[in-house]
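Worksheet: one structure, shown below.
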Amino acid sequence: MIGRRSKEAQTTDEPVGGSTAAAPEAEQTEHDEARHRGPKTEGKGRPTPSRRQQEAARVRPLVPEDRKAAKQADRAARREQRLTAQQGMAAGDRRYLPARDQGEQKAFVRDFVDSRWNVAEFLMPIALIALVFLLIPSGLQQIGVAVFYALIAMAVLDSILLVIGVRRGLNRKFGSRESGTSFYAVTRAMNLRSTRMPRPQVKRGQRPS
């Protein structure tokens with residue numbers, strides 16, 4: 001029995017499953033992995049950001065930080081654009097003209113109207129003067145009414161002559177005329193020369209060729 005107990009003690013002292021041989025292999029594997037990973041960066045305290053994170057950090061926010069300054073800059077830019085558009089339209093620049101003023105025939109009509117004296121452009125100022133005479137209780141009322149009606153008749157006759165001249169000029173230069181040119185000529189002729197937009201590009205008496 002003493003010999004059996006000594007054998008059992010020797011058996012229990014030996015490691016089970018070859019664990020002493022596996023320990024060096026595990027240490028060697030960890031050493032290889034550490035060597036492949038390379039030296040550790042110390043002092044950073046955080047992982048290195050990816051390329052996508054770096055690009056996202058450089059993207060500027062859609063909402064500006066100073067909204068008041070951004071609004072003021074936007075208003076100034078819009079005001080500058082409106083001023084540029086008004087100046088371009090007044091000068092007859094085709095880039096800034098509205099649809100009703102676009103086209104070579106409309107430009108010809110504007111020059112034709114601006115090159116002559118139009119009775120219709122004086123209709124509104126004289127109408128205001130006649131209205132003042134009507135408010136005065138005197139014999140000038142009848143004179144004011146007569147002058148006003150005479151002016152209307154002259155304006156109608158002059159507008160007819162204007163339309164005839166515009167149509168002849170368009171047919172002679174372009175071979176045909178667009179619809180709405182006659183109305184365009186009359187409505188422009190009813191405005192004072194100083195208030196017409198686009199601004200007149202010809203002097204009175206300087207008929208367009």
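The values are calculated or read from the model by the stated rules, or taken from the named source; none is laboratory data. A quick note: this is a predicted structure, and the numbers were derived from the prediction, not measured. Don't worry about glycine lacking a Cβ; one is built from the backbone with ideal geometry, like all the others, and counts go over all protein chains shown. Ligands, DNA and RNA are stripped out before the accessible areas are found, and what is left, the full protein with its side chains, is counted by its heavy atoms. Shrake-Rupley method; radii C 1.70, N 1.55, O 1.52, S 1.80 Å.
A compact table of results
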| item | result |
| --- | --- |
| Between region 83-120 and region 148-166, the alpha-carbon center distance in angstrom | 22 Å |
| GLU178 accessible area, 1.4 Å probe, all protein chains in place, Å² to nearest 10 | 80 Å² |
| FRET E, pair ALA77, GLN201, Förster distance 25 Å, beta-carbon r, rounded to 0.05 | 0.25 |
| 13 Å beta-carbon shell around LEU151, net charge (K/R +1, D/E -1) | -2 |
